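Please read the structure below before turning to the comments.
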Amino acid sequence: MLKLENVSITFNKGTVNEKKALDNVSLTVEDGDFITVIGSNGAGKSTLMNAVSGTYEIDKGKIFLDDKNITRLKEYQRARFIGRLFQDPLRGTAPNMTIEENLGLAYSRGKRRSLNIGIKRKDLNLFREKLSELGLGLEDRMKTPVGLLSGGQRQALTLLMATIVTPKLLLLDEHTAALDPKTAAKVMEITEKIVKENNITTLMITHNVSNALAYGNRTIVLSQGRLAFALEGEQRKNMTVEGLMKLYSDNAGDAFTDKMLLD
Ligand SMILES: Nc1ncnc2c1ncn2[C@@H]1O[C@H](COP(=O)(O)OP(=O)(O)O)[C@@H](O)[C@H]1O
Ligand SMILES: [Mg+2]
């Protein structure tokens, strides 16, 4: 379980550029929850993930994971049990290393074992099996440098790397936004499969409102650093994109804007 208690982050405090990016956010994410996060540009979605991952220190509040207070843990310490993907497929993999070397590194995360011991045959078999489950043919290209892969292949591999040791929490920050629609749909399909099969507690930011309703079991809407409202259960099941927009304009402090795709 992930729990945020009254979390606030202000950037550039005391300057003309002062910005309250997170304003007293409280949120409980139960084990196995798959929560989609939407909100207009600058609402604080990425900041929320940066607070959870420890990329940014929070000014106020507390963060708990499995009842352990992680508020003061450094990012690298949290990275042992939090997996993360970004919009940019170039982040998260080492381009000059092969697919199997990248997976080897990811697999050694949290274990006291380094690559120079070599990747065991048993591990290679596991990697091949996991790669074939992606359905992209990458299991036949394990000695290919990751830099040669397409954005979608790379994002699928990053997803596998983030989950090959099951994380306590998976954070996805618009991880399909840089891909063409067909590839984005494929990566979403892979995402859902991996999350479901491993019952991974997941937070997914998306700019695609219909995806936000189609995937996961709860949707939270951020506006101006605050949790504007959340949708779950029957209300969410029956919600349409239009209905969500109406709720947004009734509950959020700004206009429903720009980047959000409506189909
Ligand atoms: N490192 C930073 N320094 C200063 N301001 C930041 C920083 N990161 C984010 N912000 C500001 O905080 C607000 C929320 O940003 P962000 O969380 O990235 O929004 P979103 O992901 O919802 O589009 C924005 O006004 C943004 O400009
Ligand atoms: Mg963002």
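The values are calculated or read from the model by the stated rules, or taken from the named source; none is laboratory data. Bear in mind that the values here come from a model prediction, so they are computed numbers and not experimental data. Positions of Cβ are backbone-derived with ideal geometry, glycine not excepted, and every protein chain shown enters the neighbour counts.
Criterion first (in contact with a Phe, Trp or Tyr (Cβ under 9 Å, 6 or more places away or on another chain) and either more than 16 Å from ligand 2 (Cβ to nearest atom) or among the charged types (D, E, K, R) (or both)) does residue 27 satisfy it? Against the criterion (in contact with a Phe, Trp or Tyr (Cβ under 9 Å, 6 or more places away or on another chain) and either more than 16 Å from ligand 2 (Cβ to nearest atom) or among the charged types (D, E, K, R) (or both)), residue 27 does not qualify. Residue by residue through the range 123-182, note down the ones that are in the same structural domain as residue 107 (by TED's automatic domain parsing) and on the phi > 0 side of the Ramachandran plot. Those that are in the same structural domain as residue 107 (by TED's automatic domain parsing) and on the phi > 0 side of the Ramachandran plot: 135, 137.
When the range 31-50 is limited to residues that are under 23 Å from residue 210 (Cα atoms) and part of a loop (DSSP other than H, G, I, E, B), the one that is farthest from ligand 1 (Cβ to nearest atom) turns out to be 32. Taking the range 169-263 and the helices (runs of 4 or more DSSP H) fully enclosed by it, the elements with 2 or more residues that are under 24 Å from residue 84 (Cβ atoms) and touching a residue at least 12 places away in the same chain (Cβ under 8 Å) are at 181-198, 209-214. Considering only the range 74-93, I want to know if a residue exists there that is more than 30 Å from residue 141 (Cβ to Cβ) and surrounded by 18 or more Cβ atoms within 10 Å (Cβ to Cβ). Looking for residues that are more than 30 Å from residue 141 (Cβ to Cβ) and surrounded by 18 or more Cβ atoms within 10 Å (Cβ to Cβ), one finds at least one in the range 74-93, hence yes.
Scanning the range 38-56 finds one or more residues that are in contact with a Lys or Arg (Cβ under 9 Å, 6 or more places away or on another chain), more than 16 Å from ligand 2 (Cβ to nearest atom) and either in the same structural domain as residue 213 (by TED's automatic domain parsing) or under 20 Å from residue 106 (Cβ atoms) (or both). Scanning the range 51-101 for residues that are among the hydroxyl-bearing types (Ser, Thr, Tyr) and either assigned to a loop (DSSP other than H, G, I, E, B) or in contact (Cβ under 8 Å) with a residue 24 or more places away in the chain (or both) gives 53, 55, 56, 71, 93, 98.
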